[in-house]
Amino acid sequence: MRLNNRFIFGIVSIALAAIIAFVALPAVARQTNGKAEIVRVVQPIRRGAVIAAQDVEVVEVGGYNLPGNIARSPGDVVGRYAVADLSPGDYILPSKVSFSPISSDLQLSSIPSGHVAISLTIRTLASGLSDKLQTGDIIRIYHYLDKAREVPELLFVKILTVTDAKGVNVDYSQEPQSDEEKRQSATVTVLATPEQALVITGIENDGVAHAALISRNNDQLAAELLSIQDEVLQGIYYPVIEDEQPGDPAGGDEESPVDLPDSVNEGGVG
């Protein structure tokens, strides 16, 4: 007897459904319903902080698709240093913790050749831009002694770090926690050439320095401004002496204006 194609198709479909219902689904259910204990963050942990017992908890979660190296007991993380900022609810992987203290001065670990890092005291709230300065900002430093003056060597300077009176880095890009007292900046550390460092040393010991924000979060503009500053320094300390042409005025003491990018001439920050 010849079987109808529809009948055969129906038999095969029923067989496949039975396999899925009685074999595949239970296997998946066993995996997804399997439980595992892991360590979970319960309160914010800042990068570089030592992880304490009260910062984490052990919870039971579904074991399906969990990384094999996830922290499963407090002993795996307590006493170690957070490599990155951790938020409540985060699971902890080995890449997020370290046995060794984490440097909070990464900027100081990559100073370009021919440059130095040097700090400048913020003597008043106003001189430090009302505690608004941040790492990576491009600032202009003015010098006040009897009267205010612009310093050609310090038209565009990059901030490496901002610190409080205890030398601890201050991060004004994040709002302080509700129970955390806002810290006041006491110094800014900037990237400088040796020539700029000498000028900053003189300002530090004579008069008051005021910082004005020129650019923030704009890498292209920052590179342009620092390049302009390099040209200014070249002109001051290593000028190219050209042969005088007939009719050229002798001396040439008058300073030529500095060509600035349009975004700076327009007064915009960013």
Check off (1) surrounded by fewer than 15 Cβ atoms within 10 Å (Cβ to Cβ); (2) of a type in the set (Ser, Thr, Tyr); (3) within 22 Å of Gln43 (Cβ to Cβ) for Ser113 and give me the number that stays unchecked. (3)
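Yes/no per residue for (1) at pLDDT below 70; (2) more than 30 Å from Val170 (Cα to Cα); (3) polar (S, T, N, Q); (4) over 23 Å from the mean Cα position of the chain (by Cα):
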site	(1), (2), (3), (4)
Phe7	yes, yes, no, yes
Val28	yes, yes, no, yes
Glu37	no, yes, no, yes
Arg47	no, no, no, no
Gly75	no, yes, no, yes
Ser95	no, no, yes, no
Ser104	yes, no, yes, no
Give me the residue from the stretch 190-214 that is at pLDDT 95 or above and of a type in the set (S, T, N, Q) and, out of that set, nearest to the chain's Cα centre (by Cα). Thr193
Select from the stretch 62-79 the residues that are in contact (Cβ under 8 Å) with a residue 12 or more places away in the chain and in a loop (DSSP other than H, G, I, E, B) and list them in ascending order. Gly63, Tyr64, Leu66, Pro67, Asn69, Ile70, Ala71, Arg72, Ser73, Val77, Val78, Gly79
Report yes if Gly167 is assigned to a loop (DSSP other than H, G, I, E, B) and either surrounded by 14 or more Cβ atoms within 10 Å (Cβ to Cβ) or without any contact (Cβ under 8 Å) to a residue 24 or more places away in the chain (or both), otherwise no. yes
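The values are calculated or read from the model by the stated rules, or taken from the named source; none is laboratory data. Being a predicted model, the structure only gives us computed values, none of them experimental. Don't worry about glycine lacking a Cβ; one is built from the backbone with ideal geometry, like all the others, and counts go over all protein chains shown.
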